[in-house]
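The values are calculated or read from the model by the stated rules, or taken from the named source; none is laboratory data. Just so it is clear, the model here is predicted, and its values are computed rather than measured. All Cβ positions, glycine included, derive from the backbone under ideal geometry; neighbour counts span all protein chains shown. SASA here: full protein model, heavy atoms, side chains in, ligands and nucleic acids out. Shrake-Rupley method; radii C 1.70, N 1.55, O 1.52, S 1.80 Å.
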Amino acid sequence: MFIHDPDPTITDCRNCPLRRKPLFLPFSDSELSFMEQFKVGELVVAPGVTVLEEGQGSAHLFTVLSGLGIRSTMLENGRRQVINFLFPGDFIGLQAGLAGEMRHSVESTTTMVLCVFNRADLWDLFREEPERAYDLTWIAAVEEHFLGETIASLGQRDATERLAWALLRIHERLSAIGLAERGRVPMPWRQQDLADALGLSLVHTNKTIRRLRETGHALWEGGTLFVDRERLATLALADPDRPRRRPLI
């Protein structure tokens, strides 16, 4: 369902719940005014829906207001590679906005609410709000860094270390946007999704997750995830750290 302005059911940028999260950098008054014009509506997406498809263009760009999803690409042999996971505050569709088509697909895992922007208005962002445009560069750079960290995991970490790293990063990000309750965060993805992201078989992933549960490093059950951050970070060969503050488009 695509909800257009000025429908009162959509979230006004001034009352955006994400802006109150300490993870996100504040807007200036002029940036906020521009974003109110830039946003054209909201899209409510059911679980398991392809929002953007690899190889296709899109007339719109999106910010995840709520819900969780996946970015993935299909290999020539028909196998899927999960690139990363989508969280509230993530900006999607930039590839289609700049390159004309998506190089990966975006799929909802849970019900998602997306802020919608017209692709054609992207250039107004560069002309009228250069600091906001710089934020897009920052977002792209962070995604590149994350992909680099993922490649390092695939090449240098063993299966246990890879899963420890992935669970740690997911828990950190969901905690940073206020989705932790008594140390537990929602974990709606399937073990197959994690296996596809980390280059592991489902059987190996299942056995390793069970071993992490038995050793007390991480407990993934009932759609939630609890971790012992310090021990899991040591196992993952990673620093236990809160994600850096980031811009919100």
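Near Val49, the amide H atoms lying under 5 Å from its own belong to Ser108; only residues 5 or more places off or on other chains count, and H is placed 1.01 Å from N. Going by accessible surface with a 1.4 Å probe and the largest first, Glu42, Glu36, Glu230 read Glu230, Glu36, Glu42. Annotation: amide H-H contacts under 5 Å for Leu65 (H modelled 1.01 Å from N, sequence separation of 5 or more, or interchain): Gly89, Val113, Leu114, Cys115.
Annotation: Arg19 carries an accessible surface of approximately 80 Å², with a 1.4 Å probe and no ligand, DNA or RNA atoms counted.
Of Gly178, Gly78, Gly93, the residue with the greatest mean-square motion in the GNM of the chain, using alpha carbon springs below 10 Å, is Gly78.
The mean accessible area for residues of the chain, using a 1.4 Å probe and ignoring ligands and nucleic acids, is 49 Å² per residue. Its DSSP H runs of at least 4 residues, each contributing -39,500 (n - 2.57), put the calculated 222 nm mean residue ellipticity of the chain at -12000 deg cm²/dmol, to the nearest 500. Overall, the accessible surface of the chain at a probe of 1.4 angstrom is composed of carbon and sulfur to the extent of 52 percent. The string of couplings for segment 33-47 from the Karplus curve (6.51, -1.76, 1.60, θ = phi - 60°) is 4, 5, 4, 5, 7, 5, 6, 10, x, 9, 10, 9, 10, 6, x Hz, one whole number per residue in order, with x for Gly and Pro. Within the listed set Val227, Val49, Val185, the residue fluctuating most in the Gaussian network model of the chain (springs between alpha-carbon atoms under 10 angstrom) is Val49. Which stretch or stretches of segment 66-80 have amide N atoms under 19 Å from the point lying 7 Å from Trp138's Cα along the Cα→Cβ direction? No residues fall inside that zone. Using each residue's phi in segment 109-123, evaluate 6.51 cos²θ - 1.76 cosθ + 1.60 at θ = phi - 60° and report the 3J(HN,Hα) Karplus result to the nearest Hz, with x for Gly and Pro. Computed from phi, the couplings for segment 109-123 are 9, 10, 4, 10, 10, 10, 6, 10, 10, 6, 4, 5, 8, 4, 5 Hz.
The simple spin-label model puts a point 7 Å past each Cα toward its Cβ; for Thr110 and Arg244 those points are separated by 2.7 nm.
Protein-only accessible surface at a 1.4 angstrom probe places the residues Asp241, Asp90 in the order Asp241, Asp90, largest first. The residues neighbouring Arg79, those whose beta-carbon lies less than 14 Å from its own, together hold a net charge of -3 under the Lys/Arg +1, Asp/Glu -1 convention. Given a 1.4 Å probe and the protein chains as shown, Phe27 ends up with an accessible area of around 30 Å².
Using C-alpha pairs under 8 Å with a sequence gap of at least 6, the mean separation divided by the residue count of the chain gives a relative contact order of 22 percent.
Measuring spread by the Cα atoms of the chain yields a radius of gyration and Dmax of 18.3, 55 Å.
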